[in-house]
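Asks: Here it is, the structure, as structure tokens.
The values are calculated or read from the model by the stated rules, or taken from the named source; none is laboratory data. If you're wondering where the values come from, they're calculated on a predicted model, not measured in any experiment. FYI the Cβ positions are ideal-geometry reconstructions off the backbone, even for glycines, and counts take in every protein chain you see. Quick note on the areas: whole protein, heavy atoms, side chains included, nothing else; ligands and nucleic acids left out. Shrake-Rupley method; radii C 1.70, N 1.55, O 1.52, S 1.80 Å.
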Amino acid sequence: MNLQGTTISDAASRDWDVAVVGAGPAGGVAALEAAAAGRSVLLIEKKVFPRYKVCGCCLNRRVIENLREIGLGDMLITAGATPIERFVVRHGSKAASIEMDGGVSLSRSRFDAGLVLAAIQRGVTFISQTTATLGDVDSEFRSLNITAKGEKSTIRARVVIAADGLGGRLLSEHESEWISENSLIGAGAQLPDGACDVPDRTIVMAMGKSGYIGLVRVEDKAINLAAALHPNTVKNSGGLALAVQDILSECDLALQTDIDSQIWKGTSPLTRRSAHLGCERVFVVGDAAGYIEPFTGQGISWAIESARRIQPFITETVTKDWRSTLIPRWEQTYTRAISKHQRLCRQLSWGIRSPFLMQSGIRVINVFPTIAAPFTRRLGW
Ligand SMILES: Cc1cc2nc3c(=O)[nH]c(=O)nc-3n(C[C@H](O)[C@H](O)[C@H](O)COP(=O)(O)OP(=O)(O)OC[C@H]3O[C@@H](n4cnc5c(N)ncnc54)[C@H](O)[C@@H]3O)c2cc1C
């Protein structure tokens, strides 16, 4: 799959209606929808695509519904997604199992590349290995400075969508960001089949004293491992892999592979929120707007929802004069559509820190296996 896209000089040779920075789910869907509405769209990504991304790789029902609504109903099957039927939570030697219905697992390299490919097919111009920083604004355009392999240029767009993910820096010179002092950091690796005891079609969640780990099989039976870890534990254990190993052994799980031969990636602190969701001719979507924690597996659905709900704001900015009221209006829309769903995730993330609540929860689920159903439904699973 060639996802290299255009060159920096081609990208700079014309003006764009929309420039989207970041080709994760938020950027991919924002670009695709804007192009489908007839806008000229440049999608800018700093990494080589397809690329690995630290993520649990579990897509809930809301993601699938959103994809269907934007005409990508077949995309997940074509990409090799696997249905998820069970969620097994382990805490120490105790475990509980919850039936699941409707979600799938798929590696982020396949999923994000599939979205970019669909965006290109709808008319989006893609440019990879190119980093964007925010430039000046005038009465018609916002400029972006773009750099690829030492080559620099400037492009202009009527509206810029900042979809640059967790800890994205596009707006950092213009807007402050709140980061929780108790925040965990993310970590992940893709492991070979047999590296850990993970049944097919099952999410295994290992809950430890200093973080938690999600394991799931993705296409080709590879095991995707994603973790949320206390940063001090990572330091004290001697690195991401050893911190992960400690939590797995707390839950009677073991890695049957040489951990040093795997590629481990970490993230910046997870629990954060942008002070404002934009500035003149720029709107923020996806993780760049704010994130809580991965426990509930909702980040991708929030990213896609925000990418869809930004579309009327794109239309208004492209077709009319800029008005400063657009940013508070976007913040209001975002709060109504997404922040309220993040509340339950915040409460659960607090609850799972308590060994007492974890042990009680496991006991209750084992006695009343269907008790979790209303919660999983509210979380989009
Ligand atoms: C450990 C962990 C497990 C998770 N598990 C799940 C899960 O199972 N299910 C779920 O739904 N969510 C999960 N999430 C959350 C999910 O990964 C995110 O919510 C989702 O990736 C957000 O999408 P996004 O498009 O906003 O950002 P991203 O996917 O991070 O994409 C941002 C893109 O922008 C690019 N970029 C950044 N800066 C620039 C720049 N200046 N110029 C050009 N490109 C740039 C990056 O390279 C990246 O490709 C998990 C997160 C973590 C940390």
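Asks: Within region 175-242, which strands (runs of 3 or more DSSP E) (wholly inside it) include 3 or more residues that are open to solvent by less than 10 Å² (accessible area, probe 1.4 Å)?
Replies: 185-191, 202-208, 211-217, 223-229
Asks: Then there's this: Please work out if Gly286 is within 11 Å of the ligand (Cβ to nearest atom) and open to solvent by 10 Å² or more (accessible area, probe 1.4 Å).
Replies: Spelling it out, it is not the case that Gly286 is within 11 Å of the ligand (Cβ to nearest atom) and open to solvent by 10 Å² or more (accessible area, probe 1.4 Å).
Asks: Confirm whether Ala11 is under 21 Å from the mean Cα position of the chain (by Cα) and crowded, with 20+ Cβ neighbours inside 10 Å. Walk me through it before giving the result.
Replies: Values: under 21 Å from the mean Cα position of the chain (by Cα): no; crowded, with 20+ Cβ neighbours inside 10 Å: yes.
So Ala11 fails the test.
Asks: Any residue in region 69-84 that is charged (D, E, K, R) and in a loop (DSSP other than H, G, I, E, B)?
Replies: The answer is yes, given that some residue of region 69-84 is charged (D, E, K, R) and in a loop (DSSP other than H, G, I, E, B).
Asks: Report yes if Ala132 is surrounded by fewer than 19 Cβ atoms within 10 Å (Cβ to Cβ) and either on the phi > 0 side of the Ramachandran plot or in a strand (DSSP E or B) (or both), otherwise no.
Replies: It is false that Ala132 is surrounded by fewer than 19 Cβ atoms within 10 Å (Cβ to Cβ) and either on the phi > 0 side of the Ramachandran plot or in a strand (DSSP E or B) (or both).
Asks: Go through region 38-59 residue by residue and tally those that are open to solvent by 10 Å² or more (accessible area, probe 1.4 Å) and either within 6 Å of the ligand (Cβ to nearest atom) or of a type in the set (Gly, Ala, Ser) (or both).
Replies: Our first condition is that a residue be open to solvent by 10 Å² or more (accessible area, probe 1.4 Å); within region 38-59, this holds for 38-40, 45-56, 58.
Now narrow it down to the ones that are either within 6 Å of the ligand (Cβ to nearest atom) or of a type in the set (Gly, Ala, Ser) (or both): 38, 40, 45-47, 53-56, 58.
Looking only at that region, the number is 10.
Asks: To continue, here is another question. Within region 272-283, which residues are at pLDDT below 95, within 13 Å of the ligand (Cβ to nearest atom) and not charged (D, E, K, R)?
Replies: Ser274
Asks: From the list Val54, Val18, Val63, exactly one residue is under 21 Å from Gly167 (Cβ atoms) and either in contact (Cβ under 8 Å) with a residue 40 or more places away in the chain or in the same structural domain as Thr133 (by TED's automatic domain parsing) (or both). Which is it?
Replies: Val54
Asks: Are there any pairs, at least 6 apart or on different chains, whose C-beta atoms fall under 7 Å, with the first in region 342-353 and under 10 Å from Gln298 (Cβ atoms) and the second among the hydroxyl-bearing types (Ser, Thr, Tyr), and if so, which?
Replies: Cβ pairs passing all conditions: Cys345/Thr296.
Asks: How many of the residues in region 254-279 are in a loop (DSSP other than H, G, I, E, B) and either loosely packed, with under 15 Cβ neighbours inside 10 Å or aliphatic (A, V, I, L, M) (or both)?
Replies: 8
Asks: Report yes if some residue within region 81-97 is crowded, with 24+ Cβ neighbours inside 10 Å, within 13 Å of the ligand (Cβ to nearest atom), at pLDDT 95 or above and under 30 Å from Leu357 (Cβ atoms); otherwise report no.
Replies: no
Asks: For a quick check of your reading: which helices (runs of 4 or more DSSP H) sit entirely within region 300-381 and have at least 2 residues that are of a type in the set (A, V, I, L, M, F, W, C) and open to solvent by less than 80 Å² (accessible area, probe 1.4 Å)?
Replies: Helices (runs of 4 or more DSSP H) meeting the threshold: 311-319, 326-334, 340-351, 355-367.
Asks: Val104 - would you say it is of a type in the set (A, V, I, L, M) and under 17 Å from Ala34 (Cβ atoms)?
Replies: When the stated conditions are applied, Val104 does not pass them.
Asks: Name the residues in region 14-37 that are in a loop (DSSP other than H, G, I, E, B), closer than 22 Å to Ile304 by Cα and open to solvent by 40 Å² or more (accessible area, probe 1.4 Å), would you?
Replies: Of everything in region 14-37, just one residue is in a loop (DSSP other than H, G, I, E, B), closer than 22 Å to Ile304 by Cα and open to solvent by 40 Å² or more (accessible area, probe 1.4 Å), namely Ala37.
Asks: Within region 245-262, can one find any residue that is closer than 16 Å to Cys55 by Cα and within 14 Å of the ligand (Cβ to nearest atom)?
Replies: Taking every residue of region 245-262 in turn, none turns out to be closer than 16 Å to Cys55 by Cα and within 14 Å of the ligand (Cβ to nearest atom).
One line per residue, one yes/no per condition, for (1) in a strand (DSSP E or B); (2) out of contact with any strand residue (DSSP E or B) (no Cβ under 8 Å at 6 or more places or on another chain); (3) in the same structural domain as Ser306 (by TED's automatic domain parsing); (4) modelled with pLDDT under 95:
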residue: Val116; (1), (2), (3), (4): no, no, yes, no
residue: Ile120; (1), (2), (3), (4): no, no, yes, no
residue: Leu144; (1), (2), (3), (4): yes, no, yes, no
residue: Lys152; (1), (2), (3), (4): yes, no, yes, no
residue: Ala157; (1), (2), (3), (4): yes, no, yes, no
residue: Val160; (1), (2), (3), (4): yes, no, yes, no
residue: Glu173; (1), (2), (3), (4): no, no, yes, yes
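Asks: I'm trying to understand the selection: among the residues of region 35-66, which are under 18 Å from Phe126 (Cβ atoms) and aromatic (Phe, Trp, Tyr)?
Replies: The answer is Phe49, and nothing else.
Asks: While we're looking at this one, here's another question. Would you confirm, using the coordinates I've provided, whether Ala35 is of a type in the set (Gly, Ala, Ser), on the phi < 0 side of the Ramachandran plot, within 14 Å of the ligand (Cβ to nearest atom) and in the same structural domain as Gly168 (by TED's automatic domain parsing)?
Replies: Spelling it out, it is not the case that Ala35 is of a type in the set (Gly, Ala, Ser), on the phi < 0 side of the Ramachandran plot, within 14 Å of the ligand (Cβ to nearest atom) and in the same structural domain as Gly168 (by TED's automatic domain parsing).
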